[in-house]
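Taking it in order: structure first as structure tokens, then the write-up.
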Amino acid sequence: MRSFDPVQLGSIELFCRAAELHSFTAAAELLGLTPASVSRSISRLEARLGVRLFARTTRNIRLTNEGEIYYRQCQQALEQIAEAERVITGTQKIPSGRLRVSVGTPYAHHRLLPLLPRFQAEHPQIELDISIANRVIDFVDEGFDLAIRLGTPKDSSLIAHKLEDATLGIFASPDYLRRRGRPVTLDDLDQHDCIRFILPSSGKPMPWEFRDENGKPVDINVRSPYSVSDDVLGAVSWAVAGGGLFQFYHFIAESALYRNALTEVLQNYSGRSRPFSILYPQNRHLSARVRAFVDFLRRAIPGAPPRE
């Protein structure tokens with residue numbers, strides 16, 4: 001294993017400041033050094049690694065692809081060192097710093113984003129970076145602190161804390177129900193326009209989940225020529241516009257129900273739910289800002305379990 005030179009830590013700090021400021025000169029001024037000393041330090045770091053971290057021109061510098069990867073991991077490591085110092089010295093009284101969160105589209109727009117102004121008011125020194133996307137992320141390479149996802153992760157290297165069990169319902173617009181009638185039993189679904197959501201992970205339609213007359217779980221693969229891929233909120237908009245029946249979460253439907261843009265049907269067969277959880281890597285030290293964010297969501301989201 002390659003030994004770690006303590007002097008290298010200083011070079012890494014210089015590298016990170018230069019990457020953030022896009023300038024050796026600006027980094028030197030910030031740290032009270034000469035531009036030449038910063039340039040020599042980073043050149044030694046590049047020689048040690050055997051890669052070029054910056055592409056240099058006469059006017060500016062920019063990170064190479066290798067430099068981008070190295071920067072993300074070094075910045076995370078430096079932050080963990082700083083956080084460890086704050087913890088053992090008791091100086092982290094007020095959570096602060098950058099918090100990067102990945103969240104899927106439905107949960108972002110209809111659950112997380114409406115709550116963020118309250119979090120900002122409680123923790124003005126935390127810098128929020130919210131990435132909204134329905135994809136698998138790499139916590140280390142992409143520099144995420146947390147992710148909010150549906151279901152239980154299959155990756156054993158991740159820790160999951162449940163935020164809530166989001167209940168499901170079947171919804172349609174009043175206009176659609178006037179035209180096509182209201183379904184009363186699950187068999188009636190065959191006579192209706194059902195909007196299916198195609199799961200990106202499998203390319204298959206997501207089954208609709210019910211409880212039968214005896215309360216037992218029932219999954220139905222509805223038959224329909226109508227489907228939406230990638231973004232489930234597209235199916236919601238389609239249902240609101242009168243395109244048919246669609247199953248989704250009550251927390252998404254709330255505002256449309258309130259303004260009579262949607263009506264819930266088949267309530268006698270409802271009662272199923274899906275879990276949403278906060279995820280983070282198993283070996284990661286939780287900073288004060290991460291703990292503040294997790295604690296806030298558990299207070300703010302209805303039905304969220306208390307912190308373990």
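The helix-only estimate of mean residue ellipticity at 222 nm for the chain, built from DSSP H runs of length n ≥ 4 each weighted as -39500 (n - 2.57), is -11500 deg cm²/dmol after division by the residue total. Remark: the chain carries a charge dipole of roughly 400 debye about the Cα centre, counting +1 on each Lys and Arg Cβ and -1 on each Asp and Glu Cβ. In a DSSP loop and with at most 11 other Cβ atoms within 10 Å, the trypsin sites (Lys or Arg not before Pro) in region 10-72 are Arg59. Considering only Val228, Val136, Pro106, the residue lying farthest towards the positive end of the dipole of the chain is Val136, judged by Cα position with unit charges set on Cβ.
Sequence-distant contacts, meaning Cα pairs under 8 Å at least 6 residues apart, place the relative contact order of region 9-89 at 27 percent. In the elastic network of the chain, a GNM with C-alpha springs shorter than 10 Å, the most mobile of Asp155, Asp230, Asp141 is Asp155. Each peptide in 76-82, 168-174, 118-124 was scored by the mean count of other Cβ atoms within 10 Å over its residues; highest first, the order is 168-174, 76-82, 118-124. Fully extending the segment from Val51 to Glu254 would add 67.8 nm, taking 0.36 nm per residue of separation and subtracting the current Cα-Cα distance. Rolling a 1.4 Å probe over the heavy atoms of the protein chains gives the chain an accessible area of 54 Å² per residue. What the Cα atoms of region 166-272 give is an Rg and a Dmax of 12.8, 36 Å. Among the trypsin sites (Lys or Arg not before Pro) within region 148-217, those in coil by DSSP and having at most 15 neighbouring Cβ atoms inside 10 Å are Lys154. Let me test this: with uniform point scatterers at the alpha carbons of the chain, what is the Debye-based log₁₀ I(q)/I(0) at q = 0.09, 0.11, 0.13 1/Å? Values returned for q = 0.09, 0.11, 0.13 Å⁻¹ are -0.62, -0.81, -0.99. Shown for the chain: lysine pairs separated by 8 or more places, or found on different chains, whose C-alpha atoms are under 25 Å apart, numbering 4.
Ligands, DNA and RNA left out, the accessible area of the chain computed with a 1.4 Å probe is 52% carbon and sulfur. Considering only alpha-carbon pairs that sit under 8 angstrom and 6 or more positions apart, the relative contact order computed for the chain is 21 percent.
The values are calculated or read from the model by the stated rules, or taken from the named source; none is laboratory data. A quick note: this is a predicted structure, and the numbers were derived from the prediction, not measured. Ideal geometry is used to build each Cβ from the backbone, glycine not excepted, and the neighbour counts take in all protein chains shown. Please note that ligands, DNA and RNA were not included when accessible areas were found on the heavy atoms of the full protein model with its side chains. Shrake-Rupley method; radii C 1.70, N 1.55, O 1.52, S 1.80 Å.
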